[in-house]
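Report on the structure given below.
The values are calculated or read from the model by the stated rules, or taken from the named source; none is laboratory data. Only a predicted model underlies this, so the values are computations on that prediction, with no experimental measurement involved. Using ideal geometry, Cβ is built from the backbone for each residue, glycine included, and neighbour counts are taken over all protein chains shown. With ligands, DNA and RNA removed, areas are computed over all heavy atoms of the protein, side chains included. Shrake-Rupley method; radii C 1.70, N 1.55, O 1.52, S 1.80 Å.
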Amino acid sequence: MTRRKKIYEGKAKILYEGPEPGTLIQYFKDDATAFNAQKKAVLEGKGVINNRISEYVMTRLNTIGVQNHFIKRLNLREQLIREVEIIPLEVVCRNIVAGSLATRFGLPEGQPLPRSIIEFYFKEDKLNDPLVTEEHITCFNWATTQEIDDILAMTLRVNDFLLGMFNAVGITLVDFKIEYGRIWEGEFSRVILADEISPDSCRLWDSTTNEKLDKDRFRRDLGNVIESYTEVARRLGIMKEMPRVIEGGAA
Ligand code: TMP
C-alpha cells in the first residue's frame, strides 16, 4: 500500500488525503463501537459491507438531488469523497420510537410516531454527544439558521427516500443518523450530506418479523451482526459482487 497522509481517524472510518485537492479517501474499518466506545469489537467484513451499502444509498440519493460527498467507490473498503468542513452535529431522524428516545421518555420501543422527529446532537465524544436545540447550534456558531433550515429539509427528503427504498425490500426504517458538511465556493458555502448511511447508522427492522438488522445486534449482544448487515445488502440487490464477505474472507 502506498504511504499516504491520514487526515482523521474516527471509530469506524479513517480519512486519508485524496488524489486531488478537495478530495479525501474514506476507509471503512471493521471496528465496531457502542456507548461511546465503551464496548468494542472487530467484526470481520463490516467495513466492506458498509462501504458498499453507503455507496449504493449515496448514489441513489444523488439521483434524486440530495447532494452528498460521495464521488466513487475505489475498492472494497475505500471510497473517494469530496472534502467538506464537517458541521459538528449528529442529525437523527426518527419514525418509530426506539433507542435513546424510548429511554428518555419511558416509551415502548416500536411505537410509531405520528410524525417524523428530527433531533440534533452535538458531535463531541468527550461530552457523550449531548442533545442540543437550534438555540445552542446558532449561539455557539455550529451552524447558521439558514444551514439548519437546509439540514431539516434535506433530512426529511433523505427520510422519505430511505423509507420507500427500504420498505420496497421488506425493511422498516425505524431511525437513522446522518451528518452534514460545508463546501465552499469563493465566499459562499453550501451544505451537503457527508459521512455514511449504513446499518451502523440506521435502525432497520424486518417488516414482517421486526427482527433487528442493524447495529443494535452488536449494542445489545444479539449475535449474527455481519449476517444481518449482509442480509440488508442482499435485499438491496447489491450483495452479488462481494460473496467472499459472507464467508468472512474479505481482506
Ligand atoms: P439513539 O436512539 O441511540 O439516539 O440512536 C438514534 C439513531 O442514530 C440510531 O439509528 C443509531 C444512530 N446512532 C449513530 O449512528 N451513532 C451514534 O453514536 C448514536 C448514539 C446513534
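Restricting the search to segment 1-15, which residues are surrounded by fewer than 18 Cβ atoms within 10 Å (Cβ to Cβ), modelled with pLDDT of 95 or more and not aliphatic (A, V, I, L, M)?
Matches in segment 1-15: K5, K6, Y8, E9, G10, K11.
Here is a check on your reading of the model: is K46 out of contact with any Pro (no Cβ under 7 Å at 6 or more places or on another chain), at pLDDT 95 or above and surrounded by 15 or more Cβ atoms within 10 Å (Cβ to Cβ)?
Details: out of contact with any Pro (no Cβ under 7 Å at 6 or more places or on another chain): yes; at pLDDT 95 or above: yes; surrounded by 15 or more Cβ atoms within 10 Å (Cβ to Cβ): yes.
Taking the combined requirement at face value, the residue satisfies it.
From the list A41, A98, pick out the single residue that is of a type in the set (G, A, S) and open to solvent by 30 Å² or more (accessible area, probe 1.4 Å).
Values: A98 fails: open to solvent by 30 Å² or more (accessible area, probe 1.4 Å).
Just a single option satisfies the conditions, and that option is A41.
Under the condition of being surrounded by fewer than 19 Cβ atoms within 10 Å (Cβ to Cβ) and at negative phi, which residue from segment 195-225 is nearest to the ligand (Cβ to nearest atom)?
As a first pass, look at segment 195-225 and keep what is surrounded by fewer than 19 Cβ atoms within 10 Å (Cβ to Cβ): 206-211, 219-224.
Of the ones still in play, those that are also at negative phi are 206-209, 211, 219-220, 222.
Details: D206: 16, S207: 17, T208: 20, T209: 19, E211: 16, R219: 8, R220: 11, L222: 15 Å.
Here the answer is R219.
Taking only segment 90-133 into account, find how many residues are in contact with a helix residue (DSSP H, G or I) (Cβ under 8 Å, 6 or more places away or on another chain) and farther than 29 Å from N210 by Cα.
Matching residues across segment 90-133 total 1.
How many residues does segment 20-40 contain that are assigned to a strand (DSSP E or B) and either modelled with pLDDT under 95 or not small (G, A, S) (or both)?
Of the residues in that region, 10 qualify.
Within segment 49-64, which residues are touching a residue at least 12 places away in the same chain (Cβ under 8 Å), open to solvent by 10 Å² or more (accessible area, probe 1.4 Å) and of a type outside the set (S, T, Y)?
Scanning segment 49-64 gives R52, E55, R60, I64.
For the condition under 15 Å from the mean Cα position of the chain (by Cα), more than 16 Å from the ligand (Cβ to nearest atom) and at pLDDT 95 or above, what is the one hit in I178, I148, I183, I192?
None of the others qualify; the one that does is I192.
Counting only residues that are open to solvent by 80 Å² or more (accessible area, probe 1.4 Å) and either farther than 24 Å from V66 by Cα or touching a strand residue (DSSP E or B) at 6+ places or on another chain (Cβ under 7 Å) (or both), how many does segment 118-140 have? Even if it seems obvious, please write down each step before you answer.
Going residue by residue through segment 118-140, those that are open to solvent by 80 Å² or more (accessible area, probe 1.4 Å) are 126-128, 131, 134-135, 139-140.
Then keep just the ones that are either farther than 24 Å from V66 by Cα or touching a strand residue (DSSP E or B) at 6+ places or on another chain (Cβ under 7 Å) (or both); that gives 126-128, 131, 135, 139-140.
Of the residues in segment 118-140, 7 are open to solvent by 80 Å² or more (accessible area, probe 1.4 Å) and either farther than 24 Å from V66 by Cα or touching a strand residue (DSSP E or B) at 6+ places or on another chain (Cβ under 7 Å) (or both).
State all residues of segment 117-143 that are assigned to a strand (DSSP E or B) and within 24 Å of R190 (Cβ to Cβ); if no residue qualifies, say none.
Residues satisfying the conditions are I118, E119, F120, Y121, F122, V132.
K72 fails exactly one of the following numbered conditions: (1) in a strand (DSSP E or B); (2) open to solvent by 30 Å² or more (accessible area, probe 1.4 Å); (3) within 16 Å of the ligand (Cβ to nearest atom). What is the number of that condition?
(3)
Cβ-Cβ below 7 Å, separation at least six or inter-chain, first residue in segment 97-124 and free of Cβ contacts under 8 Å to residues at least 12 places away in the same chain, second surrounded by 14 or more Cβ atoms within 10 Å (Cβ to Cβ) and not basic (K, R): which pairs?
Close Cβ pairs satisfying both conditions: A102/E109; L107/V97; L107/L101; P108/V97; P108/A102.
Does A12 satisfy being more than 16 Å from D195 (Cβ to Cβ) and either away from the ligand (no atom under 14 Å from the Cβ) or not basic (K, R) (or both)?
Answer is no for this residue.
In segment 129-145, which residues are of a type in the set (D, E) and within 16 Å of the ligand (Cβ to nearest atom)?
D129
State yes or no: is I81 surrounded by fewer than 18 Cβ atoms within 10 Å (Cβ to Cβ), of a type outside the set (F, W, Y) and part of a strand (DSSP E or B)?
no
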